[in-house]
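Below: the structure, in structure tokens.
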Amino acid sequence: MEAQFTDPKFWDAGAMQSEWLRVADICQGCRRCFNLCPSFSILFKGIDALDGEVRQLGDAVTADVVNACYYCKLCYNHCPYTPPHEFRLDFPLLMVREKAVRAKVQRPRLRDRLLVKTDLIGRTTRWVAPILNGLLRVSWFRALLHRVGGIHKDRRLPPIASETFPMWFRKHRVRRDGERKVALFAGCLTNYNYPSIGRATVQVLEKNGVAVAWPEQRCCGMPYFDTGDIAAATGHARGNVASLKAMVDQGYAIVSPIPTCSLMLKKEYPALLDTDDARLVAKNTFDVCEYLMGLHRKGQLSTDFPGQVGPVAYQASCHLRDQNIGYKARDLLQLIPGTTVEVIERCSGHDGSWSVKTEFFDASMQVGQKAFQAVNGAEAQALVSDCPLSGLQLEQATGKKSCHPIELVNRAYGLPEG
């Protein structure tokens, strides 16, 4: 079985190589994931070129497979050999392990190390947000970023907010009464790029009698998987668990509108830390639409929607699908009178910092082709995705404006937007 983060064998290069060959041999005999992502295409082509001799896979093919993995985790749920099967495959974890062991002997390039520091980027760029947002639309500046920074000139980048979500929340008159209490884990994208998602989340929760707190928090740590920096991811996990566990002890549920963040809290923190506190936080963490549908099941959700949104195309993000909670955003939106939802269960191909890089942008757009076609073919007045980056990718490919499902719910309630 693949070594876990806390297992000393995780860092053993020989043990990792043996596990890689074992997994590659099982995968090449199955090939169920042949069309999921570029990693499997590269792997199978490499094996076929060796007439099926997996043991002869060289370092170059292995590196290409690992570099093409963006940790969408679709293969884990698609795989018939994950635990409790005796093969106990965990392909995504193996890819992170390969990156981590490689980073010990070969430091990732500066661009890659900077792109994962999302808190730092958000805190510093917001001071010059109007200038930088303007420059990102200028061809010569994008060409410079492409050539010098390794950020693809055609990649549409998230807007930078001048007023961050924490700034708005500190000014917001917080509801403090009520039996239901939520600690909001907003996520970097909400905090620094899309504060409207945070505002809508707070307003919708308060509309339903929920008191919302914004506890001390850092980036969830998922971006550090891209560079194999397990120490940084673990440090972020430890800090967030300490803060969030204190909230759980006070009767708060933890809610996040960003699927990557809720995935980290639910599934990756217990693996990174292997502590009772991490497991307690995981048990009490919910996606925002998951939490709201929980209220609905108890008869505690307001269905007083004066507004309508019409037909909706809903792209279910990969990191939300990995949580195996069903289509809670769809179910929530369908409570709005006159709303129909077409679910698009296709990867957008954005996948964090991976698609931003010059060498992977074209591949990211290719990965998203089926999602793009589904969006273009949908008879919908609104396009939504739980993941703002997936929404951004869909916007770039289709020209259709996207938003988070909670923003549509906020609009249907007639609450302030923007």
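If you average the C-alpha positions of the stretch 138-204 and of the stretch 315-343 separately, how far apart do those two centres end up, in angstrom? Rounded to whole Å, the Cα centres lie 22 Å apart. Computed from label points 7 Å out along Cα-Cβ, the spacing between Q4 and R123 is 3.2 nm.
Here the sum of -39500 (n - 2.57) over DSSP H runs of 4 or more residues, divided by the residues of the chain, equals -13500 deg cm²/dmol at 222 nm, to the nearest 500. Treating each Cα of the stretch 8-105 as one equal point scatterer and applying the Debye formula with no solvent, the log10 of I(q)/I(0) at q = 0.10, 0.13, 0.16, 0.23 Å⁻¹ comes out as -0.23, -0.40, -0.63, -1.39. With R₀ set to 51 Å, the beta-carbon distance separating L335 from E53 gives a calculated FRET efficiency near 0.35.
The order of the peptides 44-52, 107-115 by mean Cβ neighbours within 10 Å, most packed first, is 107-115, 44-52.
Per-residue extension of 0.36 nm, minus the Cα-Cα distance of R109 and I26, leaves a gain of 26.7 nm for this segment.
Most tightly packed first, judged by the mean number of other beta-carbon atoms within 10 Å of their residues, the peptides 13-24, 89-100, 66-77, 295-306 read 89-100, 66-77, 13-24, 295-306.
Of the GluC sites (Glu not before Pro) found in the stretch 178-224, the ones in coil according to DSSP and having at most 11 other Cβ atoms within 10 Å of their Cβ are E179, E216. Look at the alpha carbon pairs under 8 Å that are at least 6 residues apart: their mean separation over the length of the chain gives a relative contact order of 15 percent.
What you get for the chain, charging only the Cβ of Lys and Arg (+1) and of Asp and Glu (-1), is a dipole of about 1160 debye around the Cα centre. Amide H contacts of V341: V312, each under 5 Å away and 5 or more positions distant or on a separate chain (H built 1.01 Å from N in the peptide plane; Pro and chain starts excluded).
Backbone amide hydrogens, once placed in the peptide plane, bring R180 within less than 5 Å of A211, excluding anything fewer than 5 places away on its chain.
Contact order for the stretch 176-223, expressed relative to its length and based on alpha carbon pairs under 8 Å spaced 6+ residues apart, stands at 54 percent. Counted by Cβ distance under 15 Å from T340, the other residues give a net charge of -2, where Lys and Arg count +1 and Asp and Glu count -1.
Where the centroid of each part is defined by its Cα atoms, how far is the stretch 19-38 from the stretch 217-283 in Å? Cα centres, the stretch 19-38 to the stretch 217-283: 29 Å. Along the stretch 61-69 the Karplus relation, 6.51 cos²θ - 1.76 cosθ + 1.60 evaluated at θ = phi - 60°, assigns HN-Hα couplings of 5, 4, 4, 5, 4, 5, 5, 7, 7 Hz to successive residues, with x for each Gly and Pro.
Here the calculated FRET efficiency for R279 and V343, from their Cβ-Cβ distance with R0 = 22 Å, stands at 0.10, rounded to the nearest 0.05. Hey, quick one: spin label on Q250, modelled 7 Å out along Cα-Cβ, who in the stretch 192-221 has an amide N within reach, i.e. under 19 Å? Inside the label zone: 202-203, 205-206, 209-218. Legend: calculated FRET efficiency, E179 to A143, from the Cβ-Cβ distance at R0 = 60 Å, rounded to 0.05, equals 0.60.
Does anyone have the angle between helix 13-30 and the longest principal axis of the chain? Alpha-carbon axes, 0 to 90°, nearest 10? The helix 13-30 is inclined about 80 degrees to the chain. Taking Lys and Arg as +1 and Asp and Glu as -1, the other residues whose beta-carbon sits under 11 Å from that of D362 total 0.
Gap in Å between the Cα centre of the stretch 381-418 and the Cα centre of the stretch 46-125? The two parts, judged by their Cα centres, are 30 Å apart.
Computed 3J(HN,Hα) for the stretch 41-55, one whole-Hz value per residue from the Karplus formula 6.51 cos²θ - 1.76 cosθ + 1.60 where θ = phi - 60°, is 4, 5, 4, 5, 5, x, 5, 4, 5, 9, 6, x, 7, 4, 4, glycine and proline marked x. Each residue of the stretch 137-150 is assigned a 3J(HN,Hα), and the resulting list reads 9, 9, 4, 5, 6, 5, 5, 5, 4, 5, 6, 9, x, x Hz, derived from the Karplus form 6.51 cos²θ - 1.76 cosθ + 1.60 (θ = phi - 60°), x at Gly and Pro.
Potential lengthening of the chain between A63 and A231 amounts to 58.3 nm, from the contour at 0.36 nm per residue minus the alpha-carbon distance. Per residue, the average separation of C-alpha pairs within less than 8 Å and at least 6 apart gives the stretch 303-412 a relative contact order of 33 percent.
A short reminder: the numbers here are calculations on the coordinates, not readings from a lab. What you see is a predicted model; the values in this text were computed from it and never measured. Virtual Cβ from ideal backbone geometry, glycine too; neighbours counted across all protein chains shown.
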